[in-house]
Amino acid sequence: MNVLVYLIPISLLLGAAGLAAFFWTLKNEQYDDPDGNSQRILSDRWDDQPPEE
């Protein structure tokens, strides 16, 4: 039972760190381009292969 004295605060700190990281990504506009990835995956412009001649 004594181990809960350590595990509960550690889990609360880790949860708070995850929540802070999520709010940081919202603040830095990480989720503001929902259509960009769907357009980029269909484009040949970003392929790693050299253009065929």
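The values are calculated or read from the model by the stated rules, or taken from the named source; none is laboratory data. Note that the coordinates shown come from a computational prediction; the quantities given were computed from them, not determined experimentally. Note that each Cβ is placed from the backbone with ideal geometry, even for glycine, and that neighbours are counted across all protein chains shown.
At a glance:
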item: Matching residues in the range 16-35 - criterion: being part of a loop (DSSP other than H, G, I, E, B) and either touching a Ser or Thr at 6+ places or on another chain (Cβ under 9 Å) or at pLDDT 70 or above (or both); result: N28, E29, Q30, Y31, D32, D33, D35
item: Single match in S38, S43, S11 (criterion: among the small types (G, A, S), part of a helix (DSSP H, G or I) and modelled with pLDDT under 95); result: S38
